[in-house]
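Encoded as C-alpha coordinates, the structure appears first; notes follow it.
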Amino acid sequence: MKMNKTAIALIGLGLVAPFVLYPVFLMKVLCFALFACAFNLLLGFVGLLSFGHAAFLGTGGYVTGYLMTNAGLTPELGVVCGTIAAGLLGAVYGKLAVKREGIYFAMVTLALAQLVFFLYLQAPFTGGEDGMQGVPRGNLLGFIDLNDNMNMYYFVFAIFLFGFWVVNRTIHSPFGQILKAIRENEPRAVSLGYNVNDYKWAAFIISAALAGLAGSTKTLVFQLASLTDAHWHMSGEVVLMTLLGGMGTIFGPIVGAASVVAIQNYLSGGELGNYIHIIMGLIFVVCVLAFRNGIVGEVQKLIKRNFS
(Lines give C-alpha, C1' and ligand atoms only; values in the text may rest on other atoms or scores of the structure.)
Protein backbone atom coordinates (compact mmCIF):
# COMPACT_ATOMS: atom_id res chain seq x y z
CA MET A 1 0.00 0.00 0.00
CA LYS A 2 2.83 2.37 0.90
CA MET A 3 4.50 1.59 -2.42
CA ASN A 4 1.26 2.32 -4.29
CA LYS A 5 0.83 5.68 -2.57
CA THR A 6 4.42 6.64 -3.36
CA ALA A 7 4.03 5.59 -6.99
CA ILE A 8 0.78 7.56 -7.35
CA ALA A 9 2.44 10.63 -5.83
CA LEU A 10 5.36 10.36 -8.25
CA ILE A 11 3.02 9.94 -11.23
CA GLY A 12 1.13 13.06 -10.15
CA LEU A 13 4.42 14.92 -9.75
CA GLY A 14 5.53 13.80 -13.20
CA LEU A 15 2.31 14.98 -14.81
CA VAL A 16 2.66 18.54 -13.50
CA ALA A 17 6.48 18.79 -13.62
CA PRO A 18 6.77 20.19 -17.20
CA PHE A 19 4.69 23.21 -16.16
CA VAL A 20 7.31 24.03 -13.52
CA LEU A 21 10.63 22.89 -15.00
CA TYR A 22 12.12 22.87 -18.49
CA PRO A 23 10.66 19.80 -20.31
CA VAL A 24 13.92 18.88 -22.10
CA PHE A 25 15.77 18.75 -18.77
CA LEU A 26 13.01 16.56 -17.32
CA MET A 27 13.15 14.25 -20.33
CA LYS A 28 16.89 13.84 -19.86
CA VAL A 29 16.33 12.96 -16.20
CA LEU A 30 13.67 10.38 -17.14
CA CYS A 31 15.92 8.74 -19.77
CA PHE A 32 18.81 8.38 -17.35
CA ALA A 33 16.47 7.33 -14.53
CA LEU A 34 15.23 4.45 -16.71
CA PHE A 35 18.83 3.57 -17.58
CA ALA A 36 19.76 3.54 -13.90
CA CYS A 37 16.71 1.42 -13.00
CA ALA A 38 17.74 -1.10 -15.66
CA PHE A 39 21.27 -1.21 -14.29
CA ASN A 40 20.04 -1.48 -10.70
CA LEU A 41 18.01 -4.56 -11.63
CA LEU A 42 21.29 -6.30 -12.39
CA LEU A 43 23.51 -4.85 -9.67
CA GLY A 44 21.07 -4.28 -6.83
CA PHE A 45 18.94 -7.40 -7.16
CA VAL A 46 21.24 -9.97 -8.77
CA GLY A 47 24.60 -8.74 -7.51
CA LEU A 48 26.19 -8.49 -10.97
CA LEU A 49 28.36 -5.43 -11.59
CA SER A 50 28.37 -4.63 -15.31
CA PHE A 51 30.92 -2.12 -16.58
CA GLY A 52 29.53 -2.30 -20.10
CA HIS A 53 25.90 -1.20 -19.92
CA ALA A 54 26.62 1.81 -22.11
CA ALA A 55 26.80 -0.62 -25.04
CA PHE A 56 23.06 -1.26 -24.74
CA LEU A 57 22.20 2.41 -24.25
CA GLY A 58 24.18 3.26 -27.38
CA THR A 59 22.79 0.35 -29.40
CA GLY A 60 19.20 1.35 -28.70
CA GLY A 61 19.99 4.92 -29.68
CA TYR A 62 21.81 4.11 -32.92
CA VAL A 63 19.27 1.53 -34.12
CA THR A 64 16.35 3.87 -33.44
CA GLY A 65 18.16 6.82 -35.02
CA TYR A 66 19.06 4.87 -38.14
CA LEU A 67 15.58 3.42 -38.66
CA MET A 68 13.86 6.75 -37.99
CA THR A 69 16.16 8.56 -40.41
CA ASN A 70 16.46 6.02 -43.23
CA ALA A 71 13.43 3.74 -42.96
CA GLY A 72 10.87 6.35 -41.98
CA LEU A 73 9.53 4.38 -39.04
CA THR A 74 7.09 5.97 -36.62
CA PRO A 75 8.58 6.84 -33.19
CA GLU A 76 6.89 3.97 -31.36
CA LEU A 77 8.22 1.41 -33.88
CA GLY A 78 11.66 2.99 -33.82
CA VAL A 79 11.80 2.73 -30.03
CA VAL A 80 10.57 -0.89 -30.11
CA CYS A 81 13.23 -1.86 -32.66
CA GLY A 82 15.99 -0.17 -30.65
CA THR A 83 14.84 -1.98 -27.51
CA ILE A 84 14.75 -5.35 -29.27
CA ALA A 85 18.23 -4.77 -30.75
CA ALA A 86 19.65 -3.98 -27.32
CA GLY A 87 17.93 -7.03 -25.86
CA LEU A 88 19.41 -9.30 -28.55
CA LEU A 89 22.86 -7.85 -27.95
CA GLY A 90 22.32 -8.41 -24.24
CA ALA A 91 21.38 -12.04 -24.93
CA VAL A 92 24.68 -12.63 -26.74
CA TYR A 93 26.84 -10.72 -24.27
CA GLY A 94 25.00 -12.08 -21.27
CA LYS A 95 25.50 -15.68 -22.40
CA LEU A 96 29.24 -15.07 -22.42
CA ALA A 97 29.45 -12.95 -19.27
CA VAL A 98 27.29 -14.86 -16.76
CA LYS A 99 29.71 -17.77 -16.87
CA ARG A 100 32.12 -15.57 -14.92
CA GLU A 101 31.79 -14.11 -11.43
CA GLY A 102 32.91 -11.02 -9.56
CA ILE A 103 35.59 -8.87 -11.14
CA TYR A 104 35.87 -11.29 -14.06
CA PHE A 105 32.22 -10.65 -14.95
CA ALA A 106 32.82 -6.90 -14.77
CA MET A 107 35.90 -7.09 -16.99
CA VAL A 108 34.16 -9.28 -19.58
CA THR A 109 31.27 -6.82 -19.85
CA LEU A 110 33.71 -3.90 -20.16
CA ALA A 111 35.70 -5.65 -22.90
CA LEU A 112 32.59 -6.56 -24.87
CA ALA A 113 31.26 -3.00 -24.53
CA GLN A 114 34.53 -1.62 -25.90
CA LEU A 115 34.08 -3.81 -28.96
CA VAL A 116 30.69 -2.19 -29.52
CA PHE A 117 32.17 1.28 -29.00
CA PHE A 118 34.86 0.77 -31.65
CA LEU A 119 32.28 -0.74 -34.01
CA TYR A 120 30.16 2.40 -33.76
CA LEU A 121 33.27 4.56 -34.09
CA GLN A 122 34.22 2.94 -37.41
CA ALA A 123 30.80 2.09 -38.88
CA PRO A 124 29.80 4.45 -41.72
CA PHE A 125 26.13 4.74 -40.73
CA THR A 126 26.85 6.11 -37.23
CA GLY A 127 28.61 9.29 -38.31
CA GLY A 128 31.70 8.38 -36.29
CA GLU A 129 32.79 11.08 -33.84
CA ASP A 130 30.19 13.49 -35.25
CA GLY A 131 27.35 11.19 -34.29
CA MET A 132 24.04 10.57 -36.00
CA GLN A 133 22.48 14.01 -36.15
CA GLY A 134 19.09 15.31 -37.19
CA VAL A 135 17.11 12.25 -36.12
CA PRO A 136 13.42 13.11 -36.73
CA ARG A 137 11.03 12.81 -33.81
CA GLY A 138 8.14 12.06 -36.14
CA ASN A 139 4.46 11.71 -35.27
CA LEU A 140 3.39 9.35 -32.52
CA LEU A 141 0.69 6.95 -33.79
CA GLY A 142 0.74 8.98 -36.98
CA PHE A 143 -0.93 12.11 -35.66
CA ILE A 144 0.71 13.35 -32.40
CA ASP A 145 3.51 15.75 -33.30
CA LEU A 146 6.50 14.98 -31.10
CA ASN A 147 8.32 18.12 -32.22
CA ASP A 148 6.19 19.78 -29.55
CA ASN A 149 8.21 19.40 -26.35
CA MET A 150 5.13 18.90 -24.20
CA ASN A 151 3.91 16.04 -26.39
CA MET A 152 7.40 14.57 -26.38
CA TYR A 153 7.64 14.84 -22.60
CA TYR A 154 4.48 12.87 -21.96
CA PHE A 155 5.61 10.21 -24.45
CA VAL A 156 8.93 9.91 -22.59
CA PHE A 157 7.10 9.87 -19.25
CA ALA A 158 4.87 7.04 -20.45
CA ILE A 159 7.93 5.06 -21.60
CA PHE A 160 9.60 5.62 -18.24
CA LEU A 161 6.51 4.45 -16.36
CA PHE A 162 6.38 1.31 -18.50
CA GLY A 163 10.07 0.57 -17.90
CA PHE A 164 9.73 1.24 -14.18
CA TRP A 165 6.70 -1.06 -14.03
CA VAL A 166 8.68 -3.84 -15.74
CA VAL A 167 11.50 -3.49 -13.21
CA ASN A 168 9.13 -3.37 -10.25
CA ARG A 169 7.09 -6.32 -11.51
CA THR A 170 10.24 -8.34 -12.11
CA ILE A 171 11.58 -7.66 -8.64
CA HIS A 172 8.35 -8.63 -6.88
CA SER A 173 7.68 -11.76 -8.94
CA PRO A 174 8.76 -15.31 -8.01
CA PHE A 175 11.50 -14.86 -10.62
CA GLY A 176 12.69 -11.78 -8.74
CA GLN A 177 12.74 -13.65 -5.44
CA ILE A 178 15.05 -16.24 -7.00
CA LEU A 179 17.31 -13.44 -8.25
CA LYS A 180 17.54 -12.08 -4.71
CA ALA A 181 18.33 -15.57 -3.43
CA ILE A 182 21.17 -15.81 -5.95
CA ARG A 183 22.47 -12.44 -4.81
CA GLU A 184 22.39 -13.39 -1.14
CA ASN A 185 23.74 -16.94 -1.37
CA GLU A 186 24.41 -18.40 -4.80
CA PRO A 187 25.63 -21.83 -3.59
CA ARG A 188 22.40 -22.27 -1.63
CA ALA A 189 20.35 -21.38 -4.74
CA VAL A 190 22.31 -24.01 -6.69
CA SER A 191 21.70 -26.58 -3.95
CA LEU A 192 17.95 -25.93 -4.25
CA GLY A 193 18.11 -26.99 -7.89
CA TYR A 194 18.04 -23.62 -9.67
CA ASN A 195 20.14 -23.13 -12.78
CA VAL A 196 21.56 -19.81 -11.62
CA ASN A 197 23.27 -19.01 -14.93
CA ASP A 198 19.95 -19.13 -16.75
CA TYR A 199 18.35 -16.80 -14.21
CA LYS A 200 21.29 -14.41 -14.44
CA TRP A 201 21.08 -14.53 -18.22
CA ALA A 202 17.37 -13.72 -18.21
CA ALA A 203 17.94 -10.80 -15.84
CA PHE A 204 20.80 -9.58 -18.04
CA ILE A 205 18.56 -9.60 -21.12
CA ILE A 206 15.79 -7.66 -19.35
CA SER A 207 18.30 -5.12 -18.05
CA ALA A 208 19.93 -4.71 -21.47
CA ALA A 209 16.57 -4.27 -23.22
CA LEU A 210 15.48 -1.57 -20.75
CA ALA A 211 18.83 0.18 -21.16
CA GLY A 212 18.23 0.10 -24.93
CA LEU A 213 14.75 1.53 -24.35
CA ALA A 214 16.36 4.43 -22.46
CA GLY A 215 18.86 4.96 -25.27
CA SER A 216 16.18 4.89 -27.96
CA THR A 217 14.11 7.44 -26.06
CA LYS A 218 17.12 9.69 -25.46
CA THR A 219 17.92 9.70 -29.19
CA LEU A 220 14.41 10.92 -30.00
CA VAL A 221 14.55 13.60 -27.30
CA PHE A 222 17.83 15.13 -28.46
CA GLN A 223 17.52 14.01 -32.09
CA LEU A 224 21.08 12.73 -31.78
CA ALA A 225 22.84 9.41 -31.29
CA SER A 226 26.49 9.84 -30.33
CA LEU A 227 29.51 7.87 -29.17
CA THR A 228 29.08 9.40 -25.72
CA ASP A 229 26.21 7.00 -25.07
CA ALA A 230 28.39 3.97 -25.88
CA HIS A 231 31.54 5.15 -24.08
CA TRP A 232 32.79 3.47 -20.91
CA HIS A 233 32.39 6.81 -19.12
CA MET A 234 28.63 6.35 -19.46
CA SER A 235 28.91 2.91 -17.87
CA GLY A 236 30.70 4.58 -14.97
CA GLU A 237 28.06 7.30 -14.66
CA VAL A 238 25.23 4.82 -14.30
CA VAL A 239 27.16 3.09 -11.51
CA LEU A 240 27.43 6.47 -9.76
CA MET A 241 23.71 7.19 -10.23
CA THR A 242 22.75 3.83 -8.76
CA LEU A 243 25.09 4.02 -5.76
CA LEU A 244 24.27 7.66 -5.06
CA GLY A 245 20.52 7.04 -5.09
CA GLY A 246 20.61 3.70 -3.31
CA MET A 247 21.59 0.35 -4.78
CA GLY A 248 18.95 -2.34 -4.32
CA THR A 249 16.13 0.14 -3.68
CA ILE A 250 13.16 0.77 -5.95
CA PHE A 251 13.34 4.55 -6.17
CA GLY A 252 17.06 5.00 -5.52
CA PRO A 253 18.15 4.98 -9.18
CA ILE A 254 15.57 7.68 -9.98
CA VAL A 255 16.87 9.93 -7.20
CA GLY A 256 20.47 9.20 -8.17
CA ALA A 257 19.89 9.94 -11.86
CA ALA A 258 18.04 13.17 -11.07
CA SER A 259 20.83 14.27 -8.72
CA VAL A 260 23.64 13.55 -11.18
CA VAL A 261 21.89 15.15 -14.15
CA ALA A 262 20.98 18.22 -12.07
CA ILE A 263 24.56 18.62 -10.82
CA GLN A 264 25.98 18.25 -14.32
CA ASN A 265 23.44 20.68 -15.76
CA TYR A 266 24.16 23.26 -13.04
CA LEU A 267 27.95 23.01 -13.23
CA SER A 268 28.25 22.90 -17.02
CA GLY A 269 27.22 26.53 -17.35
CA GLY A 270 29.61 27.88 -14.70
CA GLU A 271 33.29 28.20 -13.96
CA LEU A 272 33.43 24.65 -12.62
CA GLY A 273 32.35 23.18 -15.97
CA ASN A 274 35.87 21.89 -16.72
CA TYR A 275 36.01 20.03 -13.42
CA ILE A 276 32.73 18.11 -13.65
CA HIS A 277 34.42 14.71 -13.78
CA ILE A 278 36.59 15.52 -10.75
CA ILE A 279 33.55 16.71 -8.79
CA MET A 280 31.53 13.65 -9.75
CA GLY A 281 34.45 11.47 -8.69
CA LEU A 282 34.58 13.18 -5.30
CA ILE A 283 30.83 12.67 -4.88
CA PHE A 284 31.31 8.99 -5.67
CA VAL A 285 34.08 8.64 -3.07
CA VAL A 286 32.04 10.43 -0.38
CA CYS A 287 29.00 8.27 -1.18
CA VAL A 288 30.98 5.03 -0.92
CA LEU A 289 32.74 6.05 2.30
CA ALA A 290 29.97 7.85 4.19
CA PHE A 291 26.63 6.87 2.62
CA ARG A 292 26.94 3.22 1.72
CA ASN A 293 23.18 2.84 1.33
CA GLY A 294 22.75 5.88 -0.92
CA ILE A 295 20.29 8.73 -0.47
CA VAL A 296 17.12 6.62 -0.47
CA GLY A 297 18.71 3.87 1.57
CA GLU A 298 19.87 6.28 4.26
CA VAL A 299 16.45 7.95 4.40
CA GLN A 300 14.78 4.54 4.77
CA LYS A 301 17.16 3.65 7.60
CA LEU A 302 16.46 6.97 9.31
CA ILE A 303 12.71 6.49 9.05
CA LYS A 304 12.90 2.90 10.26
CA ARG A 305 15.12 3.85 13.21
CA ASN A 306 13.00 6.78 14.38
CA PHE A 307 9.43 5.96 13.39
CA SER A 308 9.16 2.17 13.49
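Output yes when any residue across the range 59-82 is at pLDDT 85 or above, over 20 Å from PHE251 (Cα atoms) and among the aromatic types (Phe, Trp, Tyr), and no when none is. There is at least one residue in the range 59-82 that is at pLDDT 85 or above, over 20 Å from PHE251 (Cα atoms) and among the aromatic types (Phe, Trp, Tyr). Residue selection: ALA230 satisfies the criterion of being closer than 30 Å to GLY127 by Cα and either among the hydroxyl-bearing types (Ser, Thr, Tyr) or crowded, with 19+ Cβ neighbours inside 10 Å (or both). Restricting the range 82-101 to residues that are assigned to a helix (DSSP H, G or I) and without any contact (Cβ under 8 Å) to a residue 40 or more places away in the chain, the residue that is surrounded by the most Cβ atoms within 10 Å (Cβ to Cβ) is LEU88. Within the range 117-147, the set of residues being assigned to a loop (DSSP other than H, G, I, E, B) and either β-branched (Val, Ile, Thr) or surrounded by 13 or more Cβ atoms within 10 Å (Cβ to Cβ) (or both) comprises GLY127, GLY131, VAL135, PRO136, ARG137, GLY138, LEU146. Against the numbered list (1) out of contact with any helix residue (DSSP H, G or I) (no Cβ under 7 Å at 6 or more places or on another chain); (2) buried (at least 16 other Cβ atoms within 10 Å of the Cβ), PRO174 comes up short only at (2).
The one condition from (1) surrounded by fewer than 18 Cβ atoms within 10 Å (Cβ to Cβ); (2) within 25 Å of ASP130 (Cβ to Cβ); (3) of a type outside the set (A, V, I, L, M) that THR219 does not meet is (1). Quick one: would you say VAL98 is at pLDDT 90 or above and either in contact with a Phe, Trp or Tyr (Cβ under 6 Å, 6 or more places away or on another chain) or within 19 Å of GLY131 (Cβ to Cβ) (or both)? No, not satisfied.
Taking the condition of a type outside the set (A, V, I, L, M, F, W, C), farther than 29 Å from GLN133 by Cβ and crowded, with 20+ Cβ neighbours inside 10 Å, does GLY44 pass? Yes, satisfied. The condition of being assigned to a loop (DSSP other than H, G, I, E, B) and either over 27 Å from PRO136 (Cβ atoms) or touching a Cys at 6+ places or on another chain (Cβ under 6 Å) (or both) holds for only one of LEU42, LEU10, LEU48, LEU21, that being LEU48. Comparison of ALA225, ALA230 shows that the only residue that is touching a residue at least 60 places away in the same chain (Cβ under 8 Å) and touching a strand residue (DSSP E or B) at 6+ places or on another chain (Cβ under 7 Å) is ALA225. Among the residues of the range 127-169, those identified as within 20 Å of the chain's Cα centre (by Cα) and of a type outside the set (A, V, I, L, M, F, W, C) are TYR153, TYR154, GLY163, ASN168, ARG169. Scanning the range 183-202 for residues that are touching a helix residue (DSSP H, G or I) at 6+ places or on another chain (Cβ under 8 Å) and closer than 18 Å to GLY90 by Cβ yields a total of 5. Which of the residues belonging to the range 289-308 are assigned to a helix (DSSP H, G or I), surrounded by fewer than 13 Cβ atoms within 10 Å (Cβ to Cβ) and of a type outside the set (S, T, N, Q)? LEU289, ALA290, LYS301, LEU302, ILE303, LYS304, ARG305, PHE307 - these are the residues of the range 289-308 that are assigned to a helix (DSSP H, G or I), surrounded by fewer than 13 Cβ atoms within 10 Å (Cβ to Cβ) and of a type outside the set (S, T, N, Q).
The values are calculated or read from the model by the stated rules, or taken from the named source; none is laboratory data. What you see is a predicted model; the values in this text were computed from it and never measured. With ideal geometry, Cβ positions are generated from the backbone for all residues, glycine too; neighbour counts draw on all protein chains shown.
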